[in-house]
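Structure first, then comments.
What follows is calculated from the coordinates using simple rules that are stated; it is not laboratory data. Not measured: the values here are computed from a predicted model. A quick note on method: Cβ atoms are made from the backbone with ideal geometry, for glycine too, and the neighbour counts reach across all protein chains shown.
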Amino acid sequence: MKTPALDGEIRDGRHLQPVRVYYEDTDFSGVVYHASYLRFMERGRTNYLRLIGADHRALFAQAAAEAPGFAFVVTHMSIDFKRPAFMDDVLTVVTLPEEVKGASVMLGQKVMRGDELLVQARVQVAFVSGGRARPIPKPLRIAMKADQETGGAAGAAR
């Protein structure tokens with residue numbers, strides 16, 4: 001079951017994931033701890049995949065037959081911290097595919113507070129099975145490419 005409030009939404013080829021900052025996300029000074037942004041962006045990536053039809057349980061069942069022991073793994077991430085966020089801030093994690101290849105996808109992600117850019121990242125995610133890169137299942141690759149085309153990837157997550 002999809003819960004829009006929890007899963008965010010896809011608009012103009014971008015996934016928008018609201019996130020509230022809790023005490024547990026901050027350091028002793030009340031500023032969001034840098035590793036918390038990684039969790040926020042993981043939620044954005046996970047819910048993006050869910051909303052384009054890659055329900056993880058269904059995908060696991062389908063892919064397990066084709067590629068036993070598969071996983072999506074982050075193989076590279078570059079991240080720029082621009083401004084801090086604070087407890088009780090409501091943030092938006094923006095995720096969109098920038099480049100979809102056979103076995104990996106490069107995602108652009110931003111963490112915003114309103115119109116203010118706080119964090120910007122590029123994340124390469126690979127589909128692996130048996131310790132080797134494998135082709136991303138075709139339905140998922142097609143859905144990501146469609147989002148990339150409708151979202152105008154050029155400059156959208158930069």
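For TYR33, the residues whose amide H sits under 5 Å from its own are THR26, ASP27, ignoring neighbours fewer than 5 places away on the same chain, with H placed 1.01 Å from N. Taken over the stretch 88-139, the percentage of Cα pairs per 10 Å bin, counting from 0 up to the bin with the maximum distance, is 24, 37, 24, 14, 1.
Each other residue within a Cβ distance under 11 Å of ALA126 adds +1 if Lys or Arg and -1 if Asp or Glu, for a net charge of +3. Extension gain for HIS34-VAL73 works out to 12.0 nm (0.36 nm per residue, less the C-alpha to C-alpha distance).
Taking the centroid of alpha carbons for each part, the stretch 108-137 and the stretch 17-43 are 17 Å apart. Can you tell me how much longer the chain between ASP27 and ASP115 gets when fully stretched, taken as 0.36 nm per residue apart minus their C-alpha distance, in nm with one decimal? Result: 29.3 nm gained on full extension.
Computed 3J(HN,Hα) for the stretch 45-50, one whole-Hz value per residue from the Karplus formula 6.51 cos²θ - 1.76 cosθ + 1.60 where θ = phi - 60°, is 5, 4, 6, 4, 4, 4, glycine and proline marked x. Pairs of alpha carbons in the stretch 1-47 separated by more than 15 Å make up 50% of all such pairs. Each Lys or Arg adds one and each Asp or Glu subtracts one; over the other residues with Cβ under 11 Å from the Cβ of ARG43, this totals +1. Taking amide H atoms as placed 1.01 Å from N in the peptide plane, the amide H of LYS101 lies under 5 Å from those of MET106, each 5 or more residues away in sequence or on another chain.
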